[in-house]
Each structure stands twice: as C-alpha cells, then as structure tokens.
Amino acid sequence: MASLGAGLHLIRRRGAGRSSAVERRNLLTVCRFSVKTLLDRSCFETIDDSSPEFVNFVSILEHILSHRLKGQTTWFGYESPRSFWDYIKAACSKVAHNCIRSIESMENVRSSRAKGRAWIRVVLMEKRLSEYISFALRDFKTSRRFYEDGAIMLGEEAGLLADTLIGLNTIDFSFCLKGEGLDGSCPAVIDYTPYLKFTQSADSISSDEEEMRTLGSSGSESSSPDKTATAASIFTEQSNLVSKCKRFEQKYRMALEQKGYLEELVRLREAQLSEAVSHNKALQQSLADAHLSHTVEKEQLEYIILELQDQLTVLKNNDLRSRQELTAHLTNQWPSPDALDANAVALDTLLYRKNTGQWDEKSFQSLEQLSADMSLSQTSLEPSHTLSLEARPANTQWPHQGKEETPSLRGLCGSLTSVASYKSLASLKSSECLASPATEISSPGITPS
C-alpha cells in the first residue's frame, strides 16, 4: 500500500509538472502570436481599446503576469487573491520616470486589477512595456516573494517574453483611460480561435489531389479521357499556385516581422550603448577631477609641512638663544664671594651696636641699604646654613633710641660670616643652581616672627 501511494503521488507530481509546463508554453506561444497580429494590424489602422487583437493581447498578458501568483495572507491566516499590480508596484518602483504614482492617483481607477490594466495601457503608449518587464525580472528577490515555483516570471522563458514585447515599441497606441476596458470586475478571457488555423502540408495537398483525380476518373467513365485529363491538370495547377502564394505570403510576413523586431532591438541596443558611453565619460571626468583635486591637496599639504618645519626650526633657535641669554644674565648678576663677606661683616657690626645700645638713625639707614644689597644673594643661601633670630629668648628686648622695632629687619638677622656656607661661582654656573624651563629655584623663606 505504501509503494502504491508513493507511485500515485509520483504520477500526480509528474502530471502537475506536465500541466504547468504545457500551460507556460501555451501562454508564451499565444503571446508571441498576439504580438504578431498586433504588428500586422498596426500597418493598416490605429490600435485602440476597440481592437479585438489588442483586447486579446491584454488578456494574454494578464494571464502571464498572474500565472501562479501567490495570495496575500491576512492576520487570521486566510489567503486572499492578489493582482499582478501589487507585484508591478513593488518591483518597478525604482524605474526612472515611472508612471506608478500617477496611476495610483487616478480617480476613476479603484480596484487593483483596474490599476494593472491602466498601467498596461500607459506603458504601451509610452513604448516602455518591455523596459518595465525587464526591470521587474532583474529584481529576482521580489519575484520570488510574489510568485510560486513554476511561474512564468520565475522561469527562463520570461527573458524571451521581454524580448518579444520589444516589437510593440514600433506601434503607436491610443487609449482612453476612462473606458470600459478598465473595469476590474470583468475577468480576462483569452480567445484562441484566431491562432488555431490549420495549415495543410504539401504532402497532404498532393494526396488530396490524387484522391480528387481518382474520384473524377471513376465518376466520369462515360466522358472522354481528354476532358478528364484537362480538368485534372487545371485543378492541379490552380491548387499549386494557391499553395505557393500562401507560402510566399507567410514567408513575407515572417520576414517583415523579423525585420521590425530586429530594427527595434538595434535601436534599443544603440540607446543603451549611447547611455553607457555617456556614463563612462562622466565617470572618467569625475575620476580626472578627483585626481586633480588630490594632486592639489597633496601639494598644499607638502607646502604646509615645509612651513611648519621652518617655524619649528625658528622656535628651537629662539629657545636656545633665550636659554643662553638667561644663563649669561644670571651669571653676571650673581654677587662675588668678597662682596658677600663684606656685607656679612657690616651686618654683624650693626647687630652688635644694637645689642650694646649704640643704635642711631644713621645705623638704621645703613641697615636698610645693606638689606637691599643682599637681596640678590639671598636665593643662593641654603636653609641649613641660615640662622634664625627665633632662637633668642622671648623676653629679650632690643634696645633702641627713638625707633620702633621693625619686623621686616628681623628676617635679615643671621650669621653671614661663614664664607664656607656659600656656594662658589663655579657651582652656581652648573645645572644644579641655574634656572631652567622645567624647574624653579627655591629660596629660603623669610618668615617674620
């Protein structure tokens, strides 16, 4: 039973595949015939909505675009039918200068099927039907989203369909977008009768002629043989001429259709080539402009780098010169050891006079002058060699005559007689004592008591 069920399933799948293939082949063949009939009709009259060839072509195109079209799933899980206009609207929205927005804004077109029919008429008048179909076929992701497997729009035949529709660009269509043909409630029905013409082969014609000759000879035995032979020859000649004329006419029409198709294809390829050449020229121009701007920017950056290097060199030279000048200035302003010894002796003498009561106005002025002379050498003294006056007892009183005790003089009091406590001039010139941009010279603080 399992093998029987599997066999039946396989037979059904093969039957479904054959049916789908036959349906695709029939639709494409009928579409090709319909395009040829439209080309033939356009040679004699204008194609409009009333032309039966056009009505049949639109029906065929609707069936092709709706072949195995997926339904739209609702929120409740049901699948509602969908029109091919939804696919065209999604796949052709990026076509340059498309007419989708204008069709959506039409007041008399409400349903999705009516909008699709209006779109077919508009693109036929614009002579861009093949362009829209080709653009939609290139968007394979959107096509897979809207169509099931086995659809014409997903097969290799779709490219042949786009090439077949190029021939329609030679026809000048004229439609009324407010007519009855846009009614979305009427389904599209294909009329196959114009394409179901039986063409008798040459062998079949010869066999029919032989049969007619046999019937004629049997039916007219009483007549003379000369008349029978003459009638048969005349019939044969006429039938041969008719068949030859039909064959020549068919070949002529086929050659004319091929000529129109090839001319339209050449025109399309020339337009594409000219567009590609102009695009290539624009790209080359943009590339040349970019290269020129890059060269200019490179030269400007090189000039800026050289200028910055020159400025950096100048700044380095100025910094080195400033350091040298600062070193020379500090070296020249520094007091000699002999001057320090003289100042120290004078200060000790003044302090001794103050202790013994021999203090007067002149001594006070000399002390102020001495403090001003020693302000230059104060920063070089180390704290360990400076004696503070704070070591004296608190109850010690400094005798004076007519002058108050000045706190600013108490910081200058100390023993400066120790010449060994001062640093020599050679040590002051070293990097340990000279000022630098990164360090500062610390001086012992003079705190008033």
Within the bounds of region 215-228, is there any residue that is at negative phi and modelled with pLDDT of 80 or more?
no
Here the residues within region 152-197 that are open to solvent by 20 Å² or more (accessible area, probe 1.4 Å), farther than 16 Å from residue 117 by Cα, touching a residue at least 40 places away in the same chain (Cβ under 8 Å) and assigned to a loop (DSSP other than H, G, I, E, B) are 155, 172, 191, 192
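Of the residues in region 275-311, how many are of a type outside the set (D, E, K, R) and open to solvent by 70 Å² or more (accessible area, probe 1.4 Å)? Give the derivation first.
Step one: filter region 275-311 for residues of a type outside the set (D, E, K, R), giving 276-280, 282-288, 290-296, 300-301, 303-306, 308-309, 311.
After this cut, where a residue has to be open to solvent by 70 Å² or more (accessible area, probe 1.4 Å) as well, the list is 279-280, 283-285, 287, 291-292, 294, 300-301, 303-306, 308-309, 311.
Total meeting the criteria: 18.
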Expected single match for under 20 Å from residue 136 (Cβ atoms) and not basic (Lys, Arg) among 30, 58 is 58
Of all residues in region 234-256 being surrounded by fewer than 14 Cβ atoms within 10 Å (Cβ to Cβ) and more than 60 Å from the chain's Cα centre (by Cα), which is farthest from residue 36 (Cα to Cα)?
234
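Being of a type in the set (S, T, N, Q) and closer than 27 Å to residue 29 by Cβ is the filter here, so list the residues in region 47-101 that pass it.
If we filter region 47-101 for residues that are of a type in the set (S, T, N, Q), which is where we start, we get 50-51, 56, 59, 66, 72-74, 80, 83, 93, 98.
Hits for region 47-101 are 50, 51, 56, 59, 66, 83.
The values are calculated or read from the model by the stated rules, or taken from the named source; none is laboratory data. Note that this is a predicted model, so its numbers are computed, not measured. Heads up, the Cβs are rebuilt from the backbone with ideal geometry, glycines too, and the neighbour counts pull from every protein chain shown. Heads up: the accessible areas ignore ligands, DNA and RNA and are worked out on the full protein's heavy atoms, side chains in. Shrake-Rupley method; radii C 1.70, N 1.55, O 1.52, S 1.80 Å.
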